[in-house]
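Below is one structure, written out as structure tokens, with a few remarks after it.
The values are calculated or read from the model by the stated rules, or taken from the named source; none is laboratory data. None of the values given here were measured: they were computed from a predicted structure. Because the Cβ atoms are built from the backbone with ideal geometry, glycine has one as well, and the counts that use them run over all protein chains shown. Keep in mind that these areas ignore ligands, DNA and RNA; they rest on the heavy atoms of the full protein, side chains included. Shrake-Rupley method; radii C 1.70, N 1.55, O 1.52, S 1.80 Å.
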Amino acid sequence: MRRSRASVWLAILLLCSIALSGCGTGGQAAKIQLGEVTRSVFYAPQYVALEKGFFKDNGLDVELRTTSGGDKTMTALLSGGIDIALVGAETSIYVYQQGSDDPVLNFAGLTQTDGTFLVSRNDVQNFNWDSLKQSVFLGQRKGGMPQMAGEFTLKKHGIDPHQDLNLIQNVDFANITAAFISGTGDYVQLFEPQASIIEKEGKGHVVASFGTESGKLPYTVYMSKKSYMDEHSEQVQKFTDSIFKAQKWVNEHSPEEIAKVVSPYFKDTDQAILTSAIKRYKEQGTYAQTPQIDEKSWNNLLDVMDAAGELKERVPVSKLVDPSFANQASAPGK
């Protein structure tokens, strides 16, 4: 009898060790290759999801890598080098405009405003947008969302960026801050924490927010190829659930607490600067409250792209946004 029972327990242990779902361990995690367009405090909820173990709790092994630029990020996604991309929603429109048998679809939003600030070299009292006219403006890359949102804002204030400014756009993204510090430009358009760093060093002053001025946008979103989403719908849902959990956590915690959690991703950034940057983004509502991408913000994106001359046709939200994952993730009572 003892031998029989021992054989049964041995068989159970053996089955537990080889079963895909595991026995008390949650099973083998599903691997997802995630590419982010750049490393930025702008994406704080994503790093919270990683550091707090929200992906792991949902049975996912998310491997993050920085793919350095929208073009490289989309190349990696289309070629299968990554499964999911965190990049500007405009890139999915560019791919759509070129035509594709396997469209790239947006399924979850992470940021909902532009993340750049207008930094003046001089301490401008009672700033007025007209003071930019005839100035040297160090801008962002043509066709990218920062530059398009910047131009959209300038035009809203009656400024033609290509006629009323001496617009510089030939500086690589990674070198814009250094170029301004070295003396290039009267004004510059910068993300955080660079804006806070320049202020702390006394090299410039934040005078306006392009995020506030340009309105709600599906600015940075998670997207993937339709074929991947069809074949891995369960993993995409778990991924979106994890992002929503991180968004709620960020909404409920202070900039100091968030900065502490995400600091491993910004080892060269002073904790006070990191906190300042997160505080600015929280105060202006940059971090999306849910992963849902609504039609109003999508249409605003189309307006921004159209004003910049980068839109061939107005693509309805239903064409390039799959709302099912975000809707399920943020459903009441979940």
Checklist outcome for this item: Per-residue ellipticity at 222 nm attributable to helices in the chain (runs of n ≥ 4 DSSP H, -39500 (n - 2.57) apiece, nearest 500 deg cm²/dmol) works out to -12500 deg cm²/dmol
Item to check | Surrounding net charge for ASP186, when Lys and Arg each add one and Asp and Glu each subtract one, Cβ distance under 15 Å | outcome: 0
Item to check | Residue of GLU310, GLU51, GLU201 that the Gaussian network model of the chain assigns the largest fluctuation, springs spanning Cα pairs under 10 Å | outcome: GLU201
Checklist entry - When the dipole is taken about the Cα centre of the stretch 265-306, and only Lys, Arg (+1) and Asp, Glu (-1) are charged at their Cβ, what size is it in debye, to the nearest 20? => result 280 debye
Checklist entry - Could you state the number of Å between the C-alpha centres of the stretch 205-249 and the stretch 45-100? => result 10 Å
Checklist entry - Roughly how big is the stretch 243-318's charge dipole about its Cα centre, with Cβ charges of +1 (Lys, Arg) and -1 (Asp, Glu), in debye to the nearest 20? => result 220 debye
Checklist entry - Got a sec? Charge dipole of the chain, +1 on Cβ for Lys and Arg, -1 for Asp and Glu; which of PRO316, HIS253, PHE137 is way out at the positive end? => result HIS253
Checklist outcome for this item: Share of accessible surface on carbon and sulfur in the chain, whole %, 1.4 Å probe and ligands ignored, is 49 percent
Checklist entry - So what is the relative contact order for the stretch 41-109, in percent, with contacts set as C-alpha pairs under 8 Å and at least six apart? => result 15 percent
Checklist outcome for this item: With LYS282 itself left out, Lys, Arg at +1 and Asp, Glu at -1 over residues whose Cβ is under 14 Å from its Cβ give -2
Checklist entry - In the structure shown, do any of LYS72/LYS216; LYS226/LYS282; LYS52/LYS296; LYS200/LYS282 have a Cα-Cα gap over 24 Å, and if so which? => result LYS72/LYS216; LYS226/LYS282; LYS52/LYS296
Item to check | Positive-end residue of GLY204, VAL171, LEU190, charge dipole of the stretch 113-211 with Cβ unit charges | outcome: VAL171
Checklist entry - Which whole-number percentage describes the relative contact order of the stretch 209-334, with Cα contacts under 8 Å and a sequence gap of 6 or more? => result 36 percent
Checklist entry - On average, how much accessible surface per residue is there in the chain, in Å², for a 1.4 Å probe, leaving out ligands, DNA and RNA? => result 47 Å²
Item to check | Nearest-10 value in Å² for the accessible area of PHE180, using the 1.4 Å probe | outcome: 0 Å²
Item to check | Relative contact order of the stretch 33-181, pairs being alpha-carbon contacts under 8 Å that are 6 or more residues apart, as % | outcome: 20 percent
Next on the checklist: Treating only the Cβ of Lys, Arg, Asp and Glu as charged (+1, +1, -1, -1), what charge dipole size does the stretch 224-281 show about its Cα centre? Round to the nearest 20 debye.
Outcome noted: 120 debye
Checklist outcome for this item: For ASP186, the accessible surface traced by a 1.4 Å probe with all protein chains present amounts, in square angstrom to the nearest 10, to 70 Å²
Checklist entry - Which order, highest average first, do 35-42, 78-85 follow once you tally other Cβ atoms within 10 Å for each residue and take the mean per peptide? => result 35-42, 78-85
Checklist entry - Taking the radius of gyration and the Kirkwood hydrodynamic radius from Cα positions alone, what is the Rg/Rh ratio for the stretch 102-171, to two decimal places? => result 1.06
